[in-house]
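*Asks:* Can you keep this structure in mind? I'll have questions shortly.
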Amino acid sequence: MSIQERLRHKVVTVNVLGPVRTVAGVDIGFRHNLARAAVVVLSYPDLAMEERATAELPIQFPYVPGLLAFREAPATLAAFEKLAVIPDLVIFDGQGLAHPRRLGIASHVGVLLDLPSIGCAKSRLCGEHQEPGNEPGAWSWLYDQGEVIGAVVRSKADADPLFVSIGHKIDLPTAIHYVLSCCRNNRLPETTRLAHLAAGEAHGMDQPRQRSLFEL
DNA sequence: GCGACAG
DNA sequence: ATCTTGTCGC
């Protein structure tokens, strides 16, 4: 994929971010032939919802490991265009540098938006690692082809770790720091968690109805 | 040829 | 990711 080869050279792997006052989270929900992207902007470090934007587009690209951006970037960019507040940092639900060609969706879209971004995936795409300790905050390096491509981070005890990597304009230690400081009492950071909820709403995507107290 | 494989 | 209720575990 030449597009990835061309964009990978635009990724900045050092911190180019000012004071972080807002952090955004992105996630996509699929239903029938529609992709619904949701972007939530939270205040930092309070993590209070500041803004929310969504965009829906027909799915026009299949899921292919390594090509996730081609499937999710269109709706994601459309959602960002509706945003009134440009976030200081964006946390994606997927890999950043921890990708076969070093351009996961977090780096790909991070470069297109030219915003500091972090790749925070729920599972591994490539690379090798040792299991991090079970204490929240424990982490280990993620290696591939003899180089460090990210970190495997324990955000919650007894829960599977997160795969954190550089997206754009941020270094790995800083990325790990922000991911951990965005996790309250769940495995996923608030950004991803809230974006996931927003991406699943409407569409006819049934939200679990509040069960009546009488049924319990 | 076989296994791996973000969401 | 999505199709989906009850159910296993602490």
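*Asks:* Between region A:106-129 and region A:133-160, what is the C-alpha centre distance in whole Å?
*Replies:* Rounded to whole Å, the Cα centres lie 15 Å apart.
*Asks:* How much length is gained on full extension from A:Glu201 to A:Val16, taking 0.36 nm per residue of separation minus their Cα-Cα distance? If you can, show how the numbers build up before the last one.
*Replies:* Values: separation 185, 0.36 × 185 = 66.60 nm, distance 3.42 nm.
Here the segment from A:Glu201 to A:Val16 would lengthen by 63.2 nm.
*Asks:* Related question: May I ask which residue of A:Ala24, A:Pro58, A:Gly167 lies farthest towards the positive end of the charge dipole of region A:2-203, with charges of +1 (Lys, Arg) and -1 (Asp, Glu) on Cβ and the Cα centre as origin?
*Replies:* Most positive-ward Cα: A:Pro58.
*Asks:* Still on this structure, please answer the following. Over region A:2-203, with every protein chain in place, what whole percent of the accessible area is carbon and sulfur at 1.4 Å, could you tell me?
*Replies:* Values: 4600 of 8830 Å².
The nonpolar share, carbon plus sulfur, comes to 52 percent.
*Asks:* Around A:Val11, under 13 Å between beta carbons, what's the net of Lys plus Arg minus Asp minus Glu among the other residues? Walk me through the intermediate numbers first.
*Replies:* Details: positive: A:Arg6, A:Arg8, A:Lys10, A:Arg101, A:Arg102, A:Lys169; negative: A:Glu5, A:Asp114, A:Asp171.
Here the count lands on +3.
*Asks:* Then there is this: Quote to one decimal, in nm, the extra length available between A:Tyr63 and A:Ser43 on full extension: 0.36 nm per residue of separation minus the C-alpha distance between them. List each step's numbers first, then the result.
*Replies:* Working: separation 20, 0.36 × 20 = 7.20 nm, distance 3.22 nm.
Here the answer is 4.0 nm.
*Asks:* I need the peptides A:45-53, A:58-66, A:17-25 ranked by packing, meaning the mean over residues of other C-beta atoms within 10 angstrom, with the highest value on top.
*Replies:* Numbers: A:45-53: 14.4, A:58-66: 11.7, A:17-25: 17.7.
Per-residue mean Cβ counts within 10 Å order the peptides as A:17-25, A:45-53, A:58-66.
*Asks:* Hey, what's region A:53-152 come to in accessible area per residue, 1.4 Å probe, Å²?
*Replies:* 43 Å²
*Asks:* Where does the charge balance sit around A:Pro116 when Lys and Arg score +1, Asp and Glu -1, over other residues with C-beta under 10 Å from its C-beta? Mind showing how you got there, number by number?
*Replies:* Details: positive: A:Lys169; negative: A:Asp88, A:Asp114.
Summing Lys/Arg as +1 and Asp/Glu as -1 gives -1.
*Asks:* Using R₀ = 35 Å, calculate the FRET efficiency as 1/(1 + (r/R₀)^6) where r is the Cβ-Cβ separation of A:Ser2 and A:Asn134; round to 0.05. Walk me through the numbers before you get to the answer.
*Replies:* Numbers: r = 43 Å, r/R0 = 1.22.
Once the sixth-power term is evaluated, E becomes 0.25.
*Asks:* Given the Cα atoms of region A:2-203, and with Rh set as the inverse mean 1/r over their pairs in the Kirkwood sense, what is Rg to Rh to two decimals? Could the numbers behind the result be given before it?
*Replies:* Numbers: Rg = 15.5 Å, Rh = 16.5 Å.
That ratio equals 0.94.
*Asks:* What is the magnitude of the charge dipole of region A:1-159 about its Cα centre, with +1 placed on the Cβ of each Lys and Arg, -1 on the Cβ of each Asp and Glu, and no other charges, expressed in debye to the nearest 20?
*Replies:* On the way: 15 positive and 17 negative charges, 76 e Å.
Here region A:1-159 has a charge dipole of around 360 debye.
The values are calculated or read from the model by the stated rules, or taken from the named source; none is laboratory data. No experiment lies behind these values; they were computed from the predicted model shown. All Cβ positions, glycine included, derive from the backbone under ideal geometry; neighbour counts span all protein chains shown. Only protein heavy atoms, including side chains, enter the accessible area calculation; ligands, DNA and RNA are left aside. Shrake-Rupley method; radii C 1.70, N 1.55, O 1.52, S 1.80 Å.
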